[in-house]
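The values are calculated or read from the model by the stated rules, or taken from the named source; none is laboratory data. Just so you know, these numbers come straight off a predicted model, no measurement behind them. Note that each Cβ is placed from the backbone with ideal geometry, even for glycine, and that neighbours are counted across all protein chains shown. Just so you know, the surface numbers come from the protein's heavy atoms only, side chains and all, with ligands and any DNA or RNA stripped out. Shrake-Rupley method; radii C 1.70, N 1.55, O 1.52, S 1.80 Å.
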Amino acid sequence: MRALVKARSEPGLWASEEPIPAIGRDDVLVRVNRTGICGTDIHIYQWDDWARSTVPVPMIVGHEFAGEIVEVGSGVTDLAVGQRVSGEGHVIGMKSRASRGGRFHLDPETRGIGVNMPGSFAEYVRVPAFNVVPLPDDVDDELGAILDPLGNAVHTALSFDLVGEDVLVTGAGPIGIMAAAVARHVGARHVVITDINRERLDLAASVADVVPVDVSREDLADVTARLGMREGFDIGLEMSGAPAAFDQMVASMVMGGRIGLLGIPSRPFAIDWNRVVFRMLTIKGIYGREMFETWHKMLAMLQSGLNVRKVITHRFDAQDFAHGFETMASGRCGKVILDWTKRLPDPVTAGA
Ligand code: NAD
Ligand code: ZN
């Protein structure tokens, strides 16, 4: 099969011919139709310090996928060949207290498909049956391929009761935009989303009824005053990883406000903890998705009017993956999808 491989310990990804994965008794083999390019994949492509210290070489990468089951292991009873599926990319152990207590997303032994084990930028991917999520007929493969990041957004947003609340989302990347759309869908009052990238703010406003604020030009306090907000944001969803954004969020919260922290800063940074203490803020770190409540909720919301389709701004054939990665790395996009349904030609190589 054709696959995108992190073949060498240097920037880039390489298309190559690989064996179709063998599956175990509790696995399924999925024929991949669509994949999403994640920020994580960009780190792996660019081969930054995190990627170097995390990803084994050589390995097929990629973790956002949708496709069809073509083989089931002998121990798999509840899935069938021909089913359309996506899947949870975090593969958990079953030994920890959290797993045995049914809190699967808190398992400390979690490994990532396409990060610590072979991934889905390929014509076929092996997935533990436990991780497979069947797709309803009205959720197509393209949406199926962005359920991983939508799940990050849903996990963060649904950590709090948003009904009637004023919500600040910092960072209008794909996940921030989808989190803002979820906040709107579930009944927040004002949903303000910030960024320093005008194109992404425009995209946010086209996806959902939210207030975009370019914090490189506009004062957030002016915007909240215009909205008639007198005491600050009730809920903050940090989706940029930018220290300046988190600092601004902490400064803009109401007394007793609650913050979900999804954005991953590239290095440790300082904040004014006095603000956290005296405003009695709650800060919750968010990683991945809850298994499998987040999956249930997001599919249910997609089936009941949540529309995030416009977050997908670019589609490329898998053979054109280098353009896909360039587009994603440029930041001038929402989600970028690779189409695996056409056979790839001879192996090609792309540098960084
Ligand atoms: P992204 O990098 O595409 O988007 C981040 C956005 O933040 C960019 O548009 C950038 O312009 C903006 N930004 C930069 N400085 C800002 C500022 N001062 N104020 C407001 N916005 C600012 O990221 P994404 O793919 O949408 O993911 C969002 C974040 O979540 C990233 O930090 C990513 O690493 C992280 N992430 C976390 C998890 C998890 O499980 N915790 C999973 C996936 C992604
Ligand atoms: Zn992802």
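Structure above, values below:
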item: Exclusive hit being over 16 Å from ALA157 (Cα atoms) and either crowded, with 20+ Cβ neighbours inside 10 Å or among the β-branched types (Val, Ile, Thr) (or both), set THR224, THR282; result: THR224
item: Given (1) open to solvent by 20 Å² or more (accessible area, probe 1.4 Å); (2) small (Gly, Ala, Ser); (3) out of contact with any helix residue (DSSP H, G or I) (no Cβ under 7 Å at 6 or more places or on another chain), index of the condition SER206 fails; result: (3)
item: Residues being surrounded by 11 or more Cβ atoms within 10 Å (Cβ to Cβ) and within 12 Å of VAL30 (Cβ to Cβ) - total across the range 77-88; result: 7
item: Positions within the range 8-37 being within 16 Å of ligand 2 (Cβ to nearest atom) and open to solvent by 20 Å² or more (accessible area, probe 1.4 Å), in sequence order; result: ARG34
item: From ARG184, ARG126, residue being of a type in the set (Lys, Arg), closer than 22 Å to ILE69 by Cα, out of contact with any Phe, Trp or Tyr (no Cβ under 7 Å at 6 or more places or on another chain) and more than 16 Å from ligand 1 (Cβ to nearest atom); result: ARG126
item: Test: THR54 is β-branched (Val, Ile, Thr) and open to solvent by 10 Å² or more (accessible area, probe 1.4 Å); result: yes
item: Only one of PHE325, PHE246, PHE269, PHE292 that is within 16 Å of ligand 2 (Cβ to nearest atom), in contact (Cβ under 8 Å) with a residue 24 or more places away in the chain and of a type in the set (Phe, Trp, Tyr); result: PHE325
item: Residues satisfying the stated conditions in the range 1-37, i.e. assigned to a strand (DSSP E or B) and of a type in the set (Val, Ile, Thr); result: VAL5, VAL28, VAL30, VAL32, THR35, ILE37
